[in-house]
Amino acid sequence: MEKKEKVSVKICVGTACFVQGGADLLLYQDFLDPVVLAGCDIQGVSCIGGCKDDAMQVRPPYVEIAGQVFGEMTQEKLCKLLQEAIHA
Amino acid sequence: MNDVFIDVDYAQIYKHGQKIGGDVFLLSRQDASAQIVCTLSDGLGSGVKANVLASLTARMAHKLSFSPMDLTHSAKIIMNTLPVCKERKISYATFTIADLRRSNEDEVLVNLVEYDNPSALMFQGSIPIQWERDKIDLRRDGAFKQEVLGHSQFKLSIGSRLLIFSDGVTQAGMGKSLPLGWRLEGVRSFAQKVIERDPDISSHDLAREVVSRAHTLDRLTAKDDITCMVVYVRKPRRTLVVTGPPFKQEQDSLLVDKIQSFEGKRIVSGGTTAQIVSRIMNRQLKVDMSCWSPQVPPCSKMEGLELVTEGMLTLSKVATALEQKRPAYTLPNDAVKKFIQIMQESDQVHFIVGTKINEAHQDPSIPVEIGIRRTLIGRLQRALEDNYLKETSLEYI
């Protein structure tokens, strides 16, 4: 069986994201399912740039999952999205 | 920024059983460290009485050396003012005053006044240097002994040191491990060996070494207060702090040039700024997820930079910790701690502040502590200068 590629996840640690809930997301090792953790490559990124993009409809904190930027991220939402992403 | 830094520090151990010292050390800086005056005084006796005498002497000597008054006159005023000891019926305290002024070249002009303290020692690198002193006989009315001041003027160049200590150092071990004590020659050869072993040793560490050695010679029960102060003239350790993107995007490469041409440690504080630097220098920026706390976002790593942090939150926490003089070891292991450690290891800190407004920070739902960058840098500068005696400078881009 071919080894499945890990899902690339980037959590923004910029100021605007960090103070609006991003700090909670950095505890991902505590709240994510180990299976999900194993299937993802999670990194921090100093700024995704969503906060400066007028076209962006959603608010910080932002997380980029497999190239797509999601806003207003919470621990629950991240669990759900990553669960879907690794099974996609 | 100056190309010469004067590192002054001292170490002290009180006489065994005493909770207060009879040796008093004072230091003050004026005009951004262009003039430093340090005074060491040893009062008659020990404990509170000696401390009163020494404090009076040191404080007066200190104040008078900032005035244009003649040296002999100042010394007479001090001696006339000192209270008389009830048992010994004399008033007495020794002192050494070192007035250090930075001259225009890479040299420091020293004006040294010594009264009854052991002679100061000078080293150029690890080589001891002897010099002549002018003797001034005070011939004061009511003096119980001949009072002779030693006065000398000389220059200290980069790499030289001046050691000034009380008789607790030269008499250490007297009657115990050494018949006549450690003596000046003993201190000189010890200091020489320490400097040979560690040519860049800081004033703080060298003073500590001398005092510990004297304490050991006294078999850890000091017979007198042991005090040593060291003046070390050296090249400053510099740190650059870059925060905020330039006002105009065209200046991005100028900012990176400034970072690359800087000699010393480099810190970039700010996510966007770090990304600009990463893009232009073509070096990878990697967030270090192991180093953060709930109040401070993680730091990042980039080749060629000592530290990369988030901007406003980190700087605001750094400013608060510096203002409160919180020691680095009491802080959680995050960007703030690393930032403060680098600040403490520097003599001069240069700030380059980008003036571009961050639209993301204009959002009313963001906490108030994200202040204005310039105000924050002002707080940092004041805290570094007032609490840690660092030299700082600032430029906007």
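What follows draws every value from the coordinates through simple rules; no lab data is involved. All values derive from a computational prediction rather than experimental measurement. Cβ coordinates were reconstructed from backbone atoms using ideal geometry, including for glycine residues, and neighbour counts include every protein chain displayed.
Quick rundown of the values:
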| read-out | value |
| --- | --- |
| In region B:6-157, lysine pairs closer than 17 Å at Cα, eight or more apart or cross-chain | 9 |
| Exposure proxy order (Cβ contacts within 10 Å, fewest to most) of B:Ser119, B:Ser28, B:Ser290, A:Ser46 | B:Ser290, B:Ser28, B:Ser119, A:Ser46 |
| Å³ per residue enclosed by the Cα convex hull of region B:250-392 | 113 |
| Cα-based shape type of region B:5-234, given that a ≥ b ≥ c are square roots of the gyration tensor eigenvalues and the cut on a/c is 1.5 | oblate |
| Positive-pole candidate from B:Thr320, B:Leu240, B:Gln260, dipole of region B:202-361, charges at beta carbon | B:Gln260 |
| Within 10 Å of each Cβ in B:176-188, the average number of Cβ atoms from other chains | 0 |
| Chain B - charge dipole about Cα centre, Lys and Arg +1 at Cβ, Asp and Glu -1, debye rounded to 20 | 820 |
| Contact order relative to length of chain B, as percent, for alpha carbon pairs under 8 angstrom and 6 or more apart | 15 |
| Unpaired by the 4.7 Å Cβ criterion, cysteines found in chain A | A:Cys40, A:Cys47, A:Cys51, A:Cys79 |
| Compactness index (Cα Rg / 2.2 N^0.38 Å), the protein assembly as shown | 1.28 |
| Computed over region B:24-98: relative contact order in percent, which uses C-alpha pairs under 8 Å that are six or more apart | 35 |
| Proportion of all alpha-carbon pairs of chain B beyond 28 Å (%) | 55 |
| Quarter of Cα convex hull surface for region B:132-222, i.e. mean projection, nm² | 8.1 |
| Protection-proxy order for peptides B:55-61, B:193-199, B:217-223, each taking the mean of Cβ atoms within 10 Å per residue, highest first | B:55-61, B:217-223, B:193-199 |
| For residues of A:39-48, the mean tally of beta carbons on other chains within 10 Å | 5 |
| Distance between modelled label sites at B:Lys135 and B:Ser261, nm, 7 Å Cα→Cβ extension | 5.7 |
| Label point distance in nm, B:Asp200-A:Asp30, each placed 7 Å from Cα along Cα→Cβ | 4.0 |
| Stretch in chain B that is longest and holds no chymotrypsin sites (Phe, Trp or Tyr not before Pro) that DSSP places in a loop and that have at most 13 other beta carbons within 10 Å | B:248-397 |
| Fewest-first ranking of B:Cys291, B:Cys299, using other Cβ atoms within 10 Å as the exposure measure | B:Cys291, B:Cys299 |
| Unit charges on C-beta of K, R, D, E only; dipole of the protein assembly as shown, Debye | 1260 |
